[in-house]
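Student: What follows is a single structure, and I will ask about it in a moment.
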Amino acid sequence: DGGITQSPKYLFRKEGQNVTLSCEQNLNHDAMYWYRQDPGQGLRLIYYSQIVNDFQKGDIAEGYSVSREKKESFPLTVTSAQKNPTAFYLCASRNTGQFNSNQPQHFGDGTRLSIL
Amino acid sequence: AQSVTQPDIHITVSEGASLELRCNYSYGATPYLFWYVQSPGQGLQLLLKYFSGDTLVQGIKGFEAEFKRSQSSFNLRKPSVHWSDAAEYFCAVGGDTGRRALTFGSGTRLQVQP
């Protein structure tokens, strides 16, 4: 079955440590997204990528970094500069292109990050 | 800038009762509108979407939504709620040609009483 796989499901970070969240999709989607979810605030966009080797900052990119070396993969690194990293992180992807401009986003099951 | 407002943070309905979740959006052009549902600790599942055409759209699990341009609304409805519908519901608007990311409302948590 095609889908989006996020790992790990739970992650703990120590002070001063960088951690990387994995997101892999086998849907052959061009565009991928990272959102952060906090209680009562909905989802906020961290980074997005429309094609391989290209990505753009979203609304809350400070303290985060990404890479897009392969179409299937869009890992998110939460750096030590992110002072309040405790949240639920969701990865999404969507089909793009000439005939797919209105396609919805598909989501993974998320990674919950907590500070030790 | 686009925005979404879900005025009800928490709604409780009895099983078998009808449901309406409110969503108001702000967007300069014709919006792309979505409703997603999220169970605790899970990702988001698409319920339905509106791009153009018929303003009443049908989705999965017996849900429907009506786009009303004059009211900038896209309310979600279900005629008879089941206990398994208890979850959090998010309305989202898209259409930003630059990034095609979605702007989400803050969500409405639905509780279903037996």
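Student: Treating chain A as a set of equal point scatterers at the Cα positions, no solvent, please give the Debye-formula log₁₀ I(q)/I(0) at q = 0.09, 0.18, 0.22, 0.23 Å⁻¹.
Tutor: The calculated log intensity ratios at q = 0.09, 0.18, 0.22, 0.23 Å⁻¹ are -0.22, -0.87, -1.26, -1.37.
Student: Going toward the positive end of the dipole of chain B, with +1 on Lys and Arg Cβ and -1 on Asp and Glu Cβ, which of B:PRO79, B:GLN111, B:GLY43 do you reach last?
Tutor: Going by the charge dipole, the pick is B:GLY43.
Student: Rg/Rh for the protein assembly as shown: what does it come to with C-alpha atoms and Rh from Kirkwood?
Tutor: With Rh from the inverse mean 1/r over Cα pairs, Rg/Rh is 0.97.
Student: How far is it, in nm, from the label point at A:ASP59 to the one at B:SER18 when both lie 7 Å from their Cα along the line to the Cβ?
Tutor: 3.2
Student: What dipole magnitude, in Debye to the nearest 20, does segment A:1-60 give about its Cα centre under +1 on Lys/Arg Cβ and -1 on Asp/Glu Cβ?
Tutor: It works out to roughly 280 debye.
Student: Can you give the relative contact order of chain A as a percent, counting alpha carbon pairs under 8 Å and 6+ residues apart?
Tutor: Contact order relative to length: 34 percent.
Student: Looking at A:TYR10, A:GLN105, A:PRO85, which one has the Cα that reaches farthest to the positive end of the dipole of the protein assembly as shown (charges on Cβ: Lys, Arg +1; Asp, Glu -1)?
Tutor: Highest projection toward the positive end goes to A:PRO85.
Student: Taking the Cα centre of chain B as origin and charging only Cβ (+1 Lys, Arg; -1 Asp, Glu), how large is the dipole, in debye to the nearest 20?
Tutor: The dipole of chain B has a size of about 260 debye.
Throughout, read-outs are computed from the coordinates displayed, never taken from laboratory work. For clarity, every value in this text was computed on a predicted model and none was experimentally measured. With ideal geometry, Cβ positions are generated from the backbone for all residues, glycine too; neighbour counts draw on all protein chains shown.
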